[in-house]
Structure formats: C-alpha cells, structure tokens
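Contents: one structure, followed by commentary.
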Amino acid sequence: MKDDFKYKCDICGQVYNIEKNLMLCPKCREDNIEGKPLKGILKVQLPARLKNSVKDKEKINIFDFLPVEEKYFPSISVGNTPLIEAKNIQNEYRIDNIYLKFDGTNPTGSFKDRASYLVSAFAKKNNVNEIVVASTGNAASSMAGIAAAAEQKAFIFMPESAPKAKLVQCLQYGAELIPIKGDYDKAFDLSLKFSQRTGFLNRNTAYNPMTIEGKKTVSFELNEQMLGKKIDYIFLPVGDGVVLSGVIKGFNDLKYLGIINKIPKIFGVQAENSSFIYDAFYNNVFNFNYKASTIADSISVNVARNGYTAVNDLKTIEGEMVLVSDEEIMFAQHRLSKMSGVFCEPSSAASFAGFLKLRENISKNKSVVLLLTGHGLKDIDTALKSIKFPKSFEADIDYIIDNLKF
Ligand SMILES: *Cc1c(COP(=O)(O)O)cnc(C)c1O
C-alpha cells in the first residue's frame, strides 16, 4: 500500500525503493564519514497519486503522507502540539501575529519525538526490534521513550556531559545507555560502527531518512492550525540542521500536494559559537575542524551531519540564518517564560532570541511562528544561571510580610 513512496537522493536525484538497510545513496555516500557532513542523504518522495488529493478545508490525516502505515506506530501520542498566540509578546513588540509552536509538550519533551515515532514504526514494519542512536540528549531520551511504548530496545550513545534530566529519561524508559567519554560527534561515529557490527537499526539524525521525514509533520500541523492565515516568518533552532530540513520538506510536500502555493520565509538560528551551518550558508566554508561551545546543548554541534543538505535546502527556499550569543539565548529564555508561560530549553529560546534580533525589520502586519523544540525542565542547571534564587525566609508570617518586597 505504501510501496509507491520512494527514496530520492538529495545530490544525484536517483530514486530507490525504501528498504531497511538503505540509509545513504550508494552512489553519492562516502565510505569514511567520520566527523563530516553526510553525502547522499535520502529524502522520501511522495507518490504522484497524492497530488491534489486533499479537498479544500478537509482535515488531513498525516499518516496518509508518511511512508509507513498507521498500524505500525506505537501507542503514544506524538505531535499535534499546541500553537499558542503570544498576546503579550505581540503587544510588547507591536507585531500583529506571533505564535509559539511548543513542541516541548511531546511525550518525552522535545521535537525529536516526531522523528523517533516514524523510525519506531519503520523498525516495526521491518521486524527490527533494536534501535541505536547517538544524541546530544533529546534524540536519545526521545528514542528511549518511543521505543518503550513500542516494546523495542533502544541503545543510546550520549556524551557523559549531557544534561542530567536527559540521561535520567533514558534510564527511566529502560533503554541501554552508553555514556561516552567524548563529545556528540564521537558518539555519532561510534553508534554507526555499533549498528554496522550488530545489524541493529540506526536512528542517527540525517543518516536515517526517516528523521527528516518524521520532522516534516510539524509543517502540516502549522498549516492546519493557522486556519488559512498565512505564515510569513518561521524562526527555528539549528544544530545538525534536520529540524530545518524537516520543516522545509513539510512545506515542499504541502506545495507538491497543491495545499499551499507559497513557502514561509525561514530563519535558522544558531548560537554564535556553534555556527557550522551559518558559516557554510553565508561564507561557503565547511570547517571540518570546527569546535562548538554553547550553553544551548541541543544545538551544540561541531560538524553538522546534515550540513550540505540543510544549506542547500535553505538556499532553495531563500531562507536566512541568524546568530545569537549565549547571553541573548539566556535572556530570551527567561523573557519568553515570563511573557508567555512557556518554559522552553535554551536551544528553543534561540528561536525567540533570533526573533528579538531581527524584530525591528519585521513589519507590524506580518505573522511570525517561533518553533520551540524542547521543554525547559530538561535542563534546569542552565536556566538557573539566568535567575536569582531567593534567600530562605523564617517560617513566620510577620517576618515574611516585613521582609518581602512587593
Ligand atoms: C535536536 C534539537 C534541536 C536542533 O535540531 P537539529 O536537527 O540538530 O538542527 C533544537 N532544539 C532541540 C530541543 C533539539 O532537541
């Protein structure tokens, strides 16, 4: 039934049947991919029969547009995250429409669930019960949680320095956690070797084509939640660049299907000291020795694995990149929470920081979506740096009234 969904190489355009062990285009991939962006990334191509298949105003069933049948997905609710009109922020910055797409409400607290959900279903369809992943934190806790719902076994390669909550999540979900004495890039390469030796399915971002495909679902939701109102700008955080490519894939699919005719302008936001894609996008430098360092752990990436594809995708739709400092991220995180009630993690606050940086160039009548990819409670140590913890009070009401300033 889904046999007419295919893979298409992002470089040479060759079309392949979707198969369990096909991860990169056999013609374009490189044998040694250690520490480099991936070549020959495969994207799912929708069958032509779906073109114009959606009637005006008809509610979309997202499973019709994914390459795996609905029956293989685990019983857990992923996506359909809220789109929140940020009224206080609209008033403060005098822009008519600002929306927060809060993906921290996914079951494991991040956007990564969108990819893990599809990977899990793909594994189930192919009778694979073990899934391997390397992660800065969220892909790991996500795969662990979704695999638990699917009764699959997750093997997690993660830097030992990842935020505690993300490590705890993996263990809580019963995954096999392999903390690595090294950074994410090391974990990535080790996990690929582990998959090759064991034959287990690898979920690494960009490498497994289902990661970009799963992440496209957010664009379908946005299109529906906006109720026909157009989106002018989307701000989203960029690490490896798979969220970026996933969102663009979603809008490209919507266009292919005849559901929209214009793709919103997308601003990818990176931290100043994790700027691999920014540098490649504007200066055409792919620096394989780049060393990232930012408090926003989820977008702290040395060499973006989806680097070539992300840069190309963003150029094709005429998007832009923005850099923000760690200070701007921390400020944005706290400010966003205070103004909206949404507590997101630092990487997600980068979206808001990027918006704050460019807001003076955005005219009043535009509509802006900020993609908030992860929940703030995943990394309270970083959040603690931008708030002041109050001194304790005597347990005495008169003392409190006398000493509290309000
Ligand atoms: C992974 C992640 C990102 C960045 O996604 P990439 O695909 O690596 O660019 C941003 N925010 C959060 C919360 C994430 O977990």
Consider region 220-248. How many of its residues are more than 10 Å from the ligand (Cβ to nearest atom), closer than 28 Å to A123 by Cβ and crowded, with 24+ Cβ neighbours inside 10 Å? 1
Search region 303-321 for residues that are acidic (D, E) and pair each with any residue that is within 15 Å of the ligand (Cβ to nearest atom) and open to solvent by 10 Å² or more (accessible area, probe 1.4 Å) when their beta-carbon atoms are under 7 Å apart and the residues are at least 6 apart or on different chains. E320/F267
Scanning region 187-211 for residues that are out of contact with any strand residue (DSSP E or B) (no Cβ under 6 Å at 6 or more places or on another chain) and in a helix (DSSP H, G or I), which turns out surrounded by the fewest Cβ atoms within 10 Å (Cβ to Cβ)? R197
Please determine whether any residue of region 47-68 is hydrophobic (A, V, I, L, M, F, W, C), touching a residue at least 40 places away in the same chain (Cβ under 8 Å) and within 16 Å of the ligand (Cβ to nearest atom). no
Out of curiosity, is T316 open to solvent by 90 Å² or more (accessible area, probe 1.4 Å), of a type in the set (V, I, T) and closer than 26 Å to N204 by Cα? yes
The condition of being open to solvent by 20 Å² or more (accessible area, probe 1.4 Å) and in contact (Cβ under 8 Å) with a residue 60 or more places away in the chain holds, among A149, A134, only for A149
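Tell me the helices (runs of 4 or more DSSP H) entirely within region 306-406 that contain at least 2 residues that are more than 30 Å from C12 (Cβ to Cβ) and within 15 Å of the ligand (Cβ to nearest atom).
Helices (runs of 4 or more DSSP H) meeting the threshold: 326-340, 346-358, 380-384.
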Tell me yes or no: at least one residue of region 260-278 is surrounded by fewer than 24 Cβ atoms within 10 Å (Cβ to Cβ), closer than 16 Å to L46 by Cβ and not β-branched (V, I, T). no
Within region 319-358, count every residue that is under 28 Å from V285 (Cα atoms), of a type outside the set (A, V, I, L, M) and open to solvent by 10 Å² or more (accessible area, probe 1.4 Å). 6
Residue check for L42: within 19 Å of the chain's Cα centre (by Cα) and farther than 20 Å from D253 by Cβ: no
What do you reckon, is I178 open to solvent by 10 Å² or more (accessible area, probe 1.4 Å) and either assigned to a strand (DSSP E or B) or without any contact (Cβ under 8 Å) to a residue 60 or more places away in the chain (or both)? yes
Going by what's in this entry, would G109 be described as more than 15 Å from the chain's Cα centre (by Cα), crowded, with 24+ Cβ neighbours inside 10 Å and within 14 Å of the ligand (Cβ to nearest atom)? no
Can you name the residue in region 289-298 that is more than 12 Å from the ligand (Cβ to nearest atom) and open to solvent by less than 90 Å² (accessible area, probe 1.4 Å) and is also nearest to N138 (Cα to Cα) among such residues? I295
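The values are calculated or read from the model by the stated rules, or taken from the named source; none is laboratory data. Since this is a predicted model, take the numbers as computed values, not measurements. Cβ coordinates were reconstructed from backbone atoms using ideal geometry, including for glycine residues, and neighbour counts include every protein chain displayed. Just the protein is used for accessible areas: all its heavy atoms, side chains included, with ligands, DNA and RNA removed. Shrake-Rupley method; radii C 1.70, N 1.55, O 1.52, S 1.80 Å.
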